[in-house]
1. Could you tell me the relative contact order of the range 24-116? Use alpha-carbon pairs under 8 Å, at least six residues apart, and round to a whole percent.
2. Quick one: if the Förster radius is 22 Å, what FRET efficiency do Thr29 and Ile109 give, using the C-beta to C-beta distance and rounding to 0.05?
3. Could you compute the net charge surrounding Tyr58? Neighbours are other residues with a C-beta less than 11 Å from the C-beta of Tyr58; K and R count +1, D and E count -1.
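Nothing in this text is a laboratory measurement; each read-out follows from the coordinates by a stated rule. Not measured: the values here are computed from a predicted model. Ideal geometry is used to build each Cβ from the backbone, glycine not excepted, and the neighbour counts take in all protein chains shown.
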Amino acid sequence: MRYAALVFTAAAVLAGVASPALAQSAADTADVRCMMVLQAISRDPAQREQAGRGLFYYVGRVTARGPLARIEPMMIAEGKKMSTPQQVQAELARCGAELNKNGGELQAINQKLQKQFGPPPGAAPPAKK
């Protein structure tokens with residue numbers, strides 16, 4: 001009987017060690033906050049498309065570090081912390097700056113590659129603005 005109790009206890013301990021909860025990193029917190037403010041901004045029809053693109057960017061970052069299903073409790077926790085319009089505005093400014101910076105870097109890389117290799121075969125020339 002004691003042997004069975006020992007085996008049961010060891011199995012319970014090992015099960016807990018084998019499936020720990022995924023820790024929430026500072027990057028996860030920052031990205032989830034961006035997802036939340038972008039979801040709010042996407043309610044504005046004039047902002048919907050750009051906010052959607054940004055949202056997918058942050059979803060990709062979060063899922064690169066773990067399963068997407070883990071964000072629900074993170075969103076609940078961060079939603080409780082972002083309770084003032086000033087906090088939401090600060091997050092929107094931070095996230096927007098990050099998206100603009102990364103978008104600018106990607107555009108520079110694309111321009112450099114296009115100079116090096118030319119436009120893709122069959123591509124229409126870019127429209128002039």
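1. Across the range 24-116, relative contact order equals 32 percent.
2. The computed FRET efficiency comes out at 0.20.
3. 0
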